[in-house]
1. Every residue in segment 399-448 that is farther than 24 Å from N465 by Cβ and part of a loop (DSSP other than H, G, I, E, B), please.
2. Given the condition more than 14 Å from the ligand (Cβ to nearest atom), open to solvent by less than 10 Å² (accessible area, probe 1.4 Å) and either among the charged types (D, E, K, R) or part of a helix (DSSP H, G or I) (or both), answer yes or no: does some residue in segment 468-482 qualify?
3. Mind checking which residues of segment 173-185 are modelled with pLDDT of 90 or more and out of contact with any Phe, Trp or Tyr (no Cβ under 7 Å at 6 or more places or on another chain)?
4. Only residues in segment 259-276 that are at positive phi and without any contact (Cβ under 8 Å) to a residue 12 or more places away in the chain count as the first member; pair them with residues that are of a type outside the set (S, T, N, Q) and part of a loop (DSSP other than H, G, I, E, B), Cβ under 8 angstrom, at least 6 apart or cross-chain, and list the lot.
5. Is it true that N84 is open to solvent by less than 20 Å² (accessible area, probe 1.4 Å), in a helix (DSSP H, G or I) and either free of Cβ contacts under 8 Å to residues at least 60 places away in the same chain or farther than 24 Å from G178 by Cβ (or both)?
6. Which residue pairs have Cβ atoms under 9 Å apart, sit 6 or more places apart or on different chains, and have a first residue in segment 437-460 that is without any contact (Cβ under 8 Å) to a residue 40 or more places away in the chain and a second that is assigned to a loop (DSSP other than H, G, I, E, B)?
7. Taking segment 483-503 as the region of interest, how many residues are under 20 Å from A424 (Cβ atoms) and open to solvent by less than 30 Å² (accessible area, probe 1.4 Å)?
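The values are calculated or read from the model by the stated rules, or taken from the named source; none is laboratory data. Predicted, not measured: the structure shown is a model, and the values here were computed from it. Cβ placement follows ideal geometry from the backbone for every residue including glycine, while neighbour counts extend to all protein chains displayed. Surface accessibility is based on the protein's heavy atoms, side chains included, excluding ligands, DNA and RNA. Shrake-Rupley method; radii C 1.70, N 1.55, O 1.52, S 1.80 Å.
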Amino acid sequence: MPQNPTVAEYVVARIAALGIDKVFGVPGDYAFPWNDAIEASEDVEWVGAANELNAAYAADGYARARGAAMLCTTFGPGELSAINGVMGALAESVPIFWLVGLPSSQLRREGRILHHMLRDGDYRLNSEICWQATVAHTELTPENAIAETERMIRECLTYRKPVYINVPQDFADMPIVGQPVTGRPIRDFVAPPSNPDQLRVAVDKIKEVVSAASSAVALPSYLVDRHGLAAKFTEFAQASGIAYATGPMDKAVASEASDQFLGMYVGIISAPGVKQAVETADLVIDFDVCFSDENTGAWTESIDPAKHLVIGENFVRFGDFYATPVSMADSLAALIELAPEFTTPRLPVPEPQSLAGAGDDRVSSAAFYPRLAAFLTPNDIVVSETGLSNLKLAEIRMPDGVTFMNQPLWGSIGWATPCAFGAALADPSRRVVLVTGDGSHQLTANELGAMGRYGAKPIIFLLNNETFGVEELVSNTDIYGHQYNKLAPWNYHEVPAAMGCADWYSTKVRTVAELDAAMAHAATSESACFIELDLGVEDLPPSLPVPFLNRLYGKTATSGDVPTFAQALAAFAPPPHP
Ligand SMILES: Cc1ncc(C[n+]2csc(CCOP(=O)(O)OP(=O)(O)O)c2C)c(N)n1
């Protein structure tokens, strides 16, 4: 922390002390005090992204790997460009400190019309839009900077969601008023305590419910990971012997190599036997799973409310019983102390898929995914883009210690490439493997330049099927070849070099033999690798699971019939859910 820090210097130093060593962003005149403070800081490095949306996605990936991230954008166009990325972080509980610069307070008092605002001179409008993407926001002054920074840290880390920190340009360069706070790292952050009375009744209820059940299954959610409780969940699972299953949003939160892992629980598109195993247990201990379309096979899960104990992020629920605020950490501690022993289902661990194709066979998804399963190693960070690849990756059992990143709730295509960049910078000791579709990659491929510039070394598999594949399957399932799903035919493997990634291994594979050679190279490569798989449009599967589509879109997947409005409404009516 500098002597007599300015507001911008103080905030940067205080947040960096949590253990954040990068700030992703694009500079701008209103944000210069932030930019200068970051540049002068010995604790953080400025990471210039290709645009603010990419910067937000990269901050998201960094935060998923490291616990929290910093993002910095300028007023108006800068912050509004970032908003989709920050909204995704809000949706998926990813903590980001978003630093934004405002016009000077003096000019605002004079009522000036400034660039990056509408002609009405309303300087608050941009901020008000951005607030919607965050859990808390503030506008700093020299007097409030210390207290407000503490509040922002508390809100961001308690809820694991983005916060928005704004400061007028002139205030940003003034010294803070008051005694600086020195912080502790993110892992030592202590969330506000549970209410003692609520905790007591919650623990009583957990005891009652758990002791009445002889068989049980757990559903650990992504929130277990976000709150740093994955090791605690594993402790509970190992001590109790409880079997567990996860949805796509929760993938690899707990070991998928353990025989306690049943497989993916996604309603009617669950792995074989998993739906029945979960839904016939005496008790389902649900760690606040998100019952969204993609995480439930379009709400085709069915958990009896009388057997459904929810250990929420900050509550406990069982039937009509509800206690809050009770933190997940406290509930999990109570479960560990209770030391229940369950008879709990086990399912046979599926054999690894055989490696389809060989030699001069055209490369295909069928050839790729089993090879990818064999390619992954413990401790990898696997980043999966929205699209067909996400569906296929969900089926692969991850080696122990893999962090799996996807965005199934917000589902903004293009997210994965910058996310992989952020994850790679967050922990250079871990290998980052990105699997992305061609359509998604076209949205944010310019972030490859930043990867090269900052020395990130991901292994990127680019699946070129010439289309927005998953959209092709769900848009009108009788007709392939919608004009709107077609893509500009890029030479993807030539992009890294064009973007200055000079030492990258980059190749396009057309046959299985070429894929094998490229993967063998990537397995031992010291440099980043970009492997474009020339799959062709014929690689698209014939359909997604028909009942899933019917449920989601209220139409017949094989006929392409458009339902009447009444039919669509009937198809959409969700089952009552607790
Ligand atoms: C920002 C954004 N725009 C549009 C969409 C709609 N969308 C969802 S998946 C998808 C296609 C993805 O295509 P691609 O990356 O080529 O992967 P594939 O399905 O072919 O594997 C689109 C356009 C979206 N989710 N997000």
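1. Taking segment 399-448 first, the residues farther than 24 Å from N465 by Cβ are 399-403, 409, 422-431.
Result: P399, D400, G401, V402, L409, D427, P428, S429, R430, R431.
2. no
3. Of all residues in segment 173-185, those modelled with pLDDT of 90 or more come to 173-181.
Of everything in segment 173-185, those that are modelled with pLDDT of 90 or more and out of contact with any Phe, Trp or Tyr (no Cβ under 7 Å at 6 or more places or on another chain) turn out to be D173, M174, P175, V177, G178, Q179, V181.
4. Close Cβ pairs (under 8 Å, with a partner that is of a type outside the set (S, T, N, Q) and part of a loop (DSSP other than H, G, I, E, B)) do not exist here.
5. Working: open to solvent by less than 20 Å² (accessible area, probe 1.4 Å): no; in a helix (DSSP H, G or I): yes; either free of Cβ contacts under 8 Å to residues at least 60 places away in the same chain or farther than 24 Å from G178 by Cβ (or both): yes.
Taking the combined requirement at face value, the residue does not satisfy it.
6. Every condition considered, the pairs that remain are L443/S412; L443/I413; L443/G414; L443/W415; G455/P428; G455/A528.
7. So the answer is 4.
Listed here are the residues, each with its yes/no results for (1) at pLDDT below 95; (2) surrounded by fewer than 24 Cβ atoms within 10 Å (Cβ to Cβ); (3) charged (D, E, K, R).
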{"residue": "T234", "(1), (2), (3)": "no, yes, no"}
{"residue": "S240", "(1), (2), (3)": "yes, yes, no"}
{"residue": "A245", "(1), (2), (3)": "no, no, no"}
{"residue": "P272", "(1), (2), (3)": "yes, yes, no"}
{"residue": "A277", "(1), (2), (3)": "no, yes, no"}
{"residue": "D286", "(1), (2), (3)": "no, yes, yes"}
